[in-house]
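Q: Take a look at the following structure, please.
The values are calculated or read from the model by the stated rules, or taken from the named source; none is laboratory data. Keep in mind that what you see is a predicted model, and the values were worked out from it rather than measured. When we count neighbours, we look across all protein chains shown, and the Cβ atoms used for this are built from the backbone with ideal geometry, even at glycine.
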Amino acid sequence: MSDVIVVGVDGSKPGFRAVAWAADDAFRLHVPLRSVCVVETWPYQVPQIAGPEWEESLITNARKTLAEAEEIVRERQPTVEVSAELMTGTPAAALRAQASDATELVVGSRGLGGFAGAVLGSVSMNVAGQVPGPVVVVKAETATVHGEIVVGLDGSPACEPAMAYAFRQAELRGSRLRAVYAWSLPFALAAGFSCDFEALREANQHVAEEQLAPWRERCPQVKVIVDVRRAHPVETLAAAGDRADLLVVGSHGRSAVGSIVLGSVSRGVLHHARCNIAVVRAHETPTPA
Ligand SMILES: Nc1ncnc2c1ncn2[C@@H]1O[C@H](COP(=O)(O)OP(=O)(O)OP(=O)(O)O)[C@@H](O)[C@H]1O
Ligand SMILES: [Mg+2]
């Protein structure tokens with residue numbers, strides 16, 4: 001793994017906000033930063049659409065975007081080493097290749113394209129959970145500091161890399177960590193069978209405590225708030241994210257087999273949470289049958 005944070009820039013405001021976030025994290029982690037701008041040239045290579053001067057002006061724009069990104073980093077974190085990479089090709093594929101052995105990949109939630117009401121662009125959706133390291137999607141528009149990191153867990157080994165990332169971020173920032181486990185009734189019970197709710201609540205509390213125990217031991221200075229409740233995970237995590245600086249989820253969870261690309265909670269959170277989100281890939285992601 002190379003010690004470098006990769007950030008995608010396309011000239012949009014969310015892309016530049018991603019640069020600012022990545023600069024702060026590069027400073028925290030003591031690693032260099034690489035800004036990557038991918039020029040999508042193929043639409044302009046069709047003679048009927050446009051001539052070669054289009055491609056030239058796109059490249060010139062990309063250079064300006066990268067220079068602006070560098071300026072943001074120098075102003076915000078002057079000690080962070082920053083480099084720039086101009087690529088041609090498909091943005092998501094090029095970013096995935098750049099991040100294949102990087103410390104993490106940072107992108108904005110939206111870019112220059114998309115439709116007005118979209119909360120997430122296709123590039124950010126396409127890279128989350130698709131590279132070995134964490135993918136941070138920078139969504140928040142303000143720089144309010146809450147002093148809290150939220151991590152979602154479900155007791156499965158799939159969330160261990162997310163736990164590692166969340167504890168590290170909390171430790172580096174001196175923030176408290178809210179560990180959220182939202183559980184629901186098995187379908188048959190919800191349909192009218194009776195059960196001992198108290199026993200179920202206690203069992204789920206135990207699941208969370210057990211998963212947290214080794215991390216608490218490794219990072220004793222991190223103050224942990226254990227938040228176990230019977231609720232929908234996406235709704236609960238999105239609400240917790242409103243009072244947090246970063247929401248950390250795994251790419252998959254307990255029911256990993258049902259979702260090849262991204263689990264339903266990570267997908268839901270990417271769409272519904274309003275805060276910055278880190279999606280950390282599970283060590284063993286399911287492969288198509
Ligand atoms: N060409 C690119 N080069 C580098 N990074 C990019 C590029 N395009 C997008 N990104 C990164 O991905 C983030 C999200 O942009 P994305 O393209 O997904 O959204 P959008 O432009 O609103 O929608 P879409 O392109 O799907 O119509 C950007 O903020 C930026 O960080
Ligand atoms: Mg785009």
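Q: Give me a count of the residues in segment 127-138 that are modelled with pLDDT under 95 and either within 13 Å of ligand 2 (Cβ to nearest atom) or in a strand (DSSP E or B) (or both).
A: 0
Q: If you don't mind, there's one more thing I want to ask. Within segment 213-244, track down each residue that is of a type in the set (A, V, I, L, M, F, W, C), over 21 Å from the mean Cα position of the chain (by Cα) and farther than 30 Å from residue 141 by Cα.
A: Listed by number, the residues that qualify are 213, 219.
Q: Closer than 22 Å to residue 147 by Cβ, in contact (Cβ under 8 Å) with a residue 12 or more places away in the chain, basic (Lys, Arg) and in a loop (DSSP other than H, G, I, E, B): is that true of residue 254 in this structure?
A: The answer is no for residue 254.
Q: Something else: Answer with yes or no whether residue 145 is within 16 Å of ligand 2 (Cβ to nearest atom) and either surrounded by fewer than 18 Cβ atoms within 10 Å (Cβ to Cβ) or outside the structural domain of residue 248 (by TED's automatic domain parsing) (or both).
A: no
Q: Take the residues in segment 106-120 that are in contact (Cβ under 8 Å) with a residue 60 or more places away in the chain and within 6 Å of ligand 1 (Cβ to nearest atom), then tell me which one is farthest from residue 20 (Cα to Cα).
A: Among those that are in contact (Cβ under 8 Å) with a residue 60 or more places away in the chain and within 6 Å of ligand 1 (Cβ to nearest atom), it is 112.
Q: Another one. Which is within 12 Å of residue 8 (Cβ to Cβ) and not hydroxyl-bearing (Ser, Thr, Tyr), of 111, 89, 117, 129?
A: Among 111, 89, 117, 129, only 111 is within 12 Å of residue 8 (Cβ to Cβ) and not hydroxyl-bearing (Ser, Thr, Tyr).
Q: Only residues that are within 22 Å of residue 62 (Cβ to Cβ) and among the aliphatic types (A, V, I, L, M): list them for segment 100-124, please.
A: 102, 105, 106, 107, 112, 123
Q: Right, something else. Given the condition surrounded by 22 or more Cβ atoms within 10 Å (Cβ to Cβ), over 21 Å from residue 72 (Cα atoms), more than 15 Å from ligand 1 (Cβ to nearest atom) and basic (Lys, Arg), answer yes or no: does some residue in segment 166-178 qualify?
A: There is at least one residue in segment 166-178 that is surrounded by 22 or more Cβ atoms within 10 Å (Cβ to Cβ), over 21 Å from residue 72 (Cα atoms), more than 15 Å from ligand 1 (Cβ to nearest atom) and basic (Lys, Arg).
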